[in-house]
Amino acid sequence: MTETQFTPRVFSGIQPSGGLTLGNYLGAMKRFVTMQDEGSFETIYCMVDLHAITARLVPADELRHNTRELCAGFIAAGIDPEKSILFNQSQVPEHAQLAWIFNCVARMGWMGRMTQWKDKAGKNAEAASLGLFAYPALMAADILVYHATHVPVGEDQKQHLELTRDIAAKFNHDYEVEFFPVTEPVIEGAATRVMNLQDGTKKMSKSDPSDKTRINLTDDADAIAKKIRKAKTDPDPLPEAVAGLEGRPDARNLVNIYAALADITPQAVLDQHAGALFGHFKMALADLAVDKLAPISTEMSRLMAAPAEIDRILGRGAERAREITVPILQQTYDIVGMLRS
Ligand code: AQP
């Protein structure tokens, strides 16, 4: 539709809604680092604290701790705050300001069809917050206030990205402009949906009440190995081909995790381990996971010992972010017809 050329720019965010999981790492962060290091894009990564209060109002100290810990996680995983813009959402007010405009662009029907809304609001939607309902409009603002062209995310965010595209297209159409890009999702790799270690049909999630269901990036080597040993599996050996994982969600999950951690395909994992029983495969997976994750956890602890340095990094990141967001919000206001002060 568009003739306008947009700067190749990546935006993505993670909620400081609890400790980071292996799902966040493999589904999102690992790709954030690759896209930063490839150098074909400007990369912008965000702690989305405004999103983190949509499901429940968190005690203030807990939210501050989670936000700093998430920042430590980004850096420990390989995000360089000099190469990427790394910042906290509420420190860049244009996100919330553009979200208001998008609340007026998005339709109630669009929002009501979001599966995350249905899952998180559950049976008692009347008691859910208005913020939870409007979450995807804020997410669209997070992305479009940078004119981001690419958004790396896990599979669960696909529908929200389609809504972001719908909001951009409706705004452009209604105001007869080519102002917002139609953003491309980047959902790739063996672990776009890391599953719960105790139930391979459910997503691994940081808010699951049971800690056994996930690996946290703050887990030490013993905890990682123990959770993998106790992960649910089936009695059959590993098959020779990926098709043999059909109908075996727990087995498939462990193979995918191995593949993503080792940067190989699931078939390459089976080439190495076909015929092995899970007792044996889990030992190999635990060694690999400890090898890859323990250095991240150690680095996070080191960074968390200096919270003032984290705050300084986030403050600088917010300044750099605002160099992009202030003009884009002003242009949006001009298009909409808001008076300049
Ligand atoms: N299990 C997962 N597999 C692959 N990717 C995942 N992501 C989350 N879980 C998995 C990706 O991580 C990024 C940040 O997610 P988020 O924290 O903003 O929200 P979420 O998707 O709602 O993650 P959680 O862990 O399930 O959080 P809670 O429990 O607070 O709702 C996104 O790119 C997401 O796709």
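The values are calculated or read from the model by the stated rules, or taken from the named source; none is laboratory data. As the structure is a prediction and not an experimental result, all values here were calculated from the model. With ideal geometry, Cβ positions are generated from the backbone for all residues, glycine too; neighbour counts draw on all protein chains shown.
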Practice task
Filter region 89-111 for residues that are closer than 22 Å to Asp174 by Cα and without any contact (Cβ under 8 Å) to a residue 60 or more places away in the chain and give the result.
Solution key: Ala96, Ala99, Trp100, Asn103, Cys104, Arg107, Met108, Gly109, Trp110, Met111
Practice task
Determine whether region 150-169 contains at least one residue that is touching a strand residue (DSSP E or B) at 6+ places or on another chain (Cβ under 6 Å) and over 18 Å from Ser12 (Cα atoms).
Solution key: no
Practice task
Among the residues of region 16-74, write down those that are away from the ligand (no atom under 11 Å from the Cβ), surrounded by 18 or more Cβ atoms within 10 Å (Cβ to Cβ) and of a type in the set (Lys, Arg).
Solution key: Arg68
Handout entry: Qualifying residues in region 170-191 (those that are of a type in the set (Val, Ile, Thr) and either over 25 Å from the mean Cα position of the chain (by Cα) or in a loop (DSSP other than H, G, I, E, B) (or both)) - the one nearest to the ligand (Cβ to nearest atom)
Key = Ile187
Handout entry: Count of residues meeting criterion [surrounded by 13 or more Cβ atoms within 10 Å (Cβ to Cβ), under 17 Å from the mean Cα position of the chain (by Cα) and without any contact (Cβ under 8 Å) to a residue 60 or more places away in the chain] in region 115-143
Key = 6
Practice task
Run Thr201 past the list (1) assigned to a strand (DSSP E or B); (2) farther than 19 Å from Gly19 by Cβ; (3) within 12 Å of the ligand (Cβ to nearest atom) and report the number of the one that doesn't hold.
Solution key: (3)
Problem - Among the residues listed as Ile328, Ile324, Ile313, the single one being in contact with a His (Cβ under 7 Å, 6 or more places away or on another chain), in contact (Cβ under 8 Å) with a residue 60 or more places away in the chain and not hydroxyl-bearing (Ser, Thr, Tyr) - result: Ile328
Handout entry: Filtered residues of region 285-317 (kept if of a type in the set (D, E, K, R) and more than 27 Å from Thr233 (Cα to Cα))
Key = Glu299, Arg302, Glu309, Asp311, Arg312, Arg316
Problem - Sole residue being under 22 Å from the mean Cα position of the chain (by Cα) and crowded, with 21+ Cβ neighbours inside 10 Å, chosen from Leu270, Leu285, Leu254 - result: Leu254
Practice task
Quickly run through region 142-162 and pick out the residues that are assigned to a helix (DSSP H, G or I), touching a Ser or Thr at 6+ places or on another chain (Cβ under 8 Å) and modelled with pLDDT of 95 or more.
Solution key: Ile143, Leu144, Gln159, Leu161
Exercise for the section: Have a look at Ile324, Ile313, Ile296 and point out the one that is of a type in the set (Val, Ile, Thr), under 23 Å from the mean Cα position of the chain (by Cα), surrounded by 13 or more Cβ atoms within 10 Å (Cβ to Cβ) and assigned by TED's automatic domain parsing to the domain that holds Ala268. Expected result: Ile296
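Conditions (1) over 24 Å from Glu309 (Cα atoms); (2) of a type in the set (A, V, I, L, M, F, W, C); (3) in a loop (DSSP other than H, G, I, E, B), marked per residue:
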| position | (1), (2), (3) |
| --- | --- |
| Leu50 | no, yes, no |
| Arg56 | yes, no, yes |
| Glu62 | no, no, no |
| Asn66 | no, no, no |
| Ala76 | no, yes, no |
| Asp80 | no, no, yes |
| Ala99 | yes, yes, no |
| Phe102 | yes, yes, no |
| Gly109 | yes, no, no |
